Amino acid sequence: MNPLPEPALIVTGLKQNAALVPDIVSSDPGWAPRLAQESRLRQLEELLARASAENAVDTEIERAVLLGALSRRADAQHAFVDILRRAPTNFSALNEFGALLTQMGAIDAACRVYSEAIAQHPQNPIGHVNLANLLLRANRYAEAREHYETALRTDPEHAPAHQGLGAVLADIGDRAGARYHFQKGFGDHAISTLPYRGTRPPIALLQLVSSGGGNIPTASFLDDSVFLTSVIIADYLDPQLPLPPHQLIFNAIGDADLCEPALQAAARLIARTSAPVINDPGAVMKTGRIGNSRRLGTVPGVVTPRTINLARGILAGPDGMTSIAKCEFSFPLLLRSPGYHTGRNFVLVPSATELSAAAASLPGDDLLVIEYLDARGKDGKARKYRVMMIAGEIYPLHLAISGDWKVHYFTSDMADKPDHRLEEARFLGDMRATLGDKAIAALERIRDLLGLDYAGVDFGLGPDGDVLLFEANATMVVNPPDSDERWAYRRTAITRILDAVTAMILRKSAGPAELP
């Protein structure tokens, strides 16, 4: 889990030019904001043609930033490199170059640039926060925390530093500490608008997120050349504040076990507007692991694991085994800290003698006790299928095969096993033939019960063709594969899903913008 709302915002030192803010209600076919950007670029270049080199750095930085905003990122990169050859310690140039590299996905290079900004300007909190955000994204929590705390020693009221430190504390299980810093960080900063880089009037979208994580990753389908996205931290929004102009709402709060206060706040926010909504918060609130175990376990052809919630202190103490026995669980069983994904803080407990140590190793006050479902095939390998449910259609996303009980795609055996990739290719090419009619019918019933516009289901297959349900909720990521040719067979299936998400958003946003 990365608790920072995604995408993490970059702290820049430049004030936004009013001419660069999109006017979403403009009917001008030339689209005035884009024309204003291009006009300002010409003005800057004319100024630079007349200015002396020693007095031109600020103008050059503004020009480089504007090149990036106009999607001329290679030109912007060259401009920053040229500036830094002549002014290698200029904080604004270093910081804005780091922001550009982050937007381009050159994260290692951005970290180096931010590190240089910190070395040259150790008392400026912005460099520390921007580097810490990237470290947090890479799950390097101790290093990120150090930089956030350094920023707060310099500026105790620095909102982005409080936001980031709250994210670190939430991830290590210090929920009380996280709430303190989230209140400091988001109390007056619950709305932010992401940069828009399109050449035509944008579609204005509100993205609702939770401060403490559990959000749907949206970067792969919310294209900043199509959507003008205003991110709202739902659990810290002042209800008296007007909402930004919007044509639809994408509720990206997806984890019912972690995000109940944020989902309740999202439901109140949605009641203030008539705009269409993707993933109604009320439907999301029903998708907690315990609730899913009960309601989806009634579906024919679905086997759900018995799931209960117990205090970690009890499980780790001398009465842990007694509590497990009273609840009629047998070993092996699974323990999980609520709110974490990608296999983090999720362990198999083979026997009673290992219960106490396993519980003590996990964060949080309460743990989920989950029945172990054996998803191994005849070859002894565990299999986890994932399908996405987009606007009522079911799409195969991946099949992960592993010798370990905990199957996560990018830690499984797929990369090194051609036969596993061939099996996955068959699943992606013909889902029904792979799963069978019984499982397909069960998945269709799960889809109907979830009632979500965007959701996913992780499951195995039982020996009789039953769906062995692991997870069914909205917090499912769709990651395009990298350029390695081993993954070429996956690209068509993933593109279909991303195209379906984009098409759904475009359909829902067809109406006029709702203005404050």
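The values are calculated or read from the model by the stated rules, or taken from the named source; none is laboratory data. All figures in this text were calculated on a predicted structure; none of them were measured in a lab. All Cβ positions, even for glycine, are placed from backbone atoms using ideal geometry, and neighbour counts span all protein chains on display. For the accessible areas, the whole protein counts, side chains as well, though only heavy atoms, and no ligand, DNA or RNA atoms are used. Shrake-Rupley method; radii C 1.70, N 1.55, O 1.52, S 1.80 Å.
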Packing-based order for 163-169, 288-294, 345-351, 37-43, using average beta carbon neighbours within 10 Å, highest first | 163-169, 288-294, 345-351, 37-43
Leaving out ligands and nucleic acids, note down the accessible area per residue over the chain with a 1.4 angstrom probe, in whole Å².
-> 44
Which distance in nm do the two modelled labels at Ser71 and Asp108 give, with both placed 7 Å along the Cα-to-Cβ direction?
-> 2.8
At the level of C-alpha centres, the distance separating region 62-81 and region 169-188, in angstrom, is 35
First select every other residue whose beta carbon is under 10 angstrom from the beta carbon of Tyr385; then total the charges, Lys and Arg +1, Asp and Glu -1.
-> +1
Under a Cβ-Cβ cut-off of 12 Å, what is the net charge of the residues other than Leu468 that fall near it, where Lys and Arg count +1 and Asp and Glu count -1?
-> -3
Counting pairs of Cα atoms in region 324-436, how many percent are more than 17 Å apart?
-> 63
Of all accessible surface on the chain at a 1.4 Å probe, what whole percent is carbon and sulfur?
-> 51
Whole-number D in µm² s⁻¹ for region 28-157, Kirkwood Cα-pair radius fed into Stokes-Einstein, 10 °C, 1.306 mPa s = 100
Show which lysines lie in cross-link reach of Lys378 when reach means a straight Cα distance below 22 angstrom and same-chain residues fewer than eight apart are skipped.
-> Lys406, Lys417, Lys438
Would you rank Glu424, Glu116, Glu471 by solvent-accessible area, highest first, keeping every protein chain in place and using a 1.4 Å probe?
-> Glu116, Glu471, Glu424
Grab every C-alpha pair in the chain, bin the distances at 20 angstrom width from 0 up to the longest one, and report whole percents.
-> 20, 52, 25, 3, 0
To the nearest 0.05, what FRET efficiency results for Ala142 and Asp374 with a Förster distance of 45 Å applied to their C-beta separation?
-> 0.75
Toward the positive end of the charge dipole of region 145-256, about the Cα centre and with charges on Cβ (Lys, Arg +1; Asp, Glu -1), which of Pro239, Ala159, Gly198 goes farthest?
-> Gly198
Any idea how far the Cα center of region 328-389 sits from the one of region 223-242, in Å?
-> 35
With -39,500 (n - 2.57) per DSSP H segment of 4 or more residues and division by the full residue count of the chain, the 222 nm estimate, nearest 500 deg cm²/dmol, is -13000 deg cm²/dmol
In Å and whole numbers, how far do the C-alpha atoms of region 33-82 stretch along each principal axis, longest first?
-> 29, 22, 13
In debye, nearest 20, what is the charge dipole magnitude of the chain about its Cα centre with +1 on Lys and Arg Cβ and -1 on Asp and Glu Cβ, if you could check?
-> 580
Can you tell me the dipole magnitude for region 448-516 around its Cα centre, using point charges on the Cβ only (Lys, Arg +1; Asp, Glu -1), in Debye to the nearest 20?
-> 340
Charge dipole of the chain built from unit charges on the beta carbon (Lys, Arg +1; Asp, Glu -1), centred at mean Cα; most positive-end Cα among Leu469, Pro318, Asn55 is Leu469
Here the Cα Rg-to-2.2 N^0.38 Å ratio for region 375-516 is 1.12
Work out the charge dipole of the chain with +1 on the Cβ of Lys and Arg and -1 on the Cβ of Asp and Glu about the Cα centre, then indicate which of Phe221, Tyr385, Val302 is farthest towards its positive end.
-> Val302
Net charge of Cβ neighbours under 10 Å - reference Asp365; Lys, Arg +1; Asp, Glu -1 | +1
Using r as the Cβ-Cβ distance of Asp155 and Ala433, and R0 as 51 Å, what FRET efficiency do you calculate, to the nearest 0.05?
-> 0.30
Find the eigenvalues of the gyration tensor of the Cα atoms of region 169-273, then list the square roots of 5 times those eigenvalues as equivalent ellipsoid semi-axes, largest first, in whole angstrom.
-> 24, 15, 13
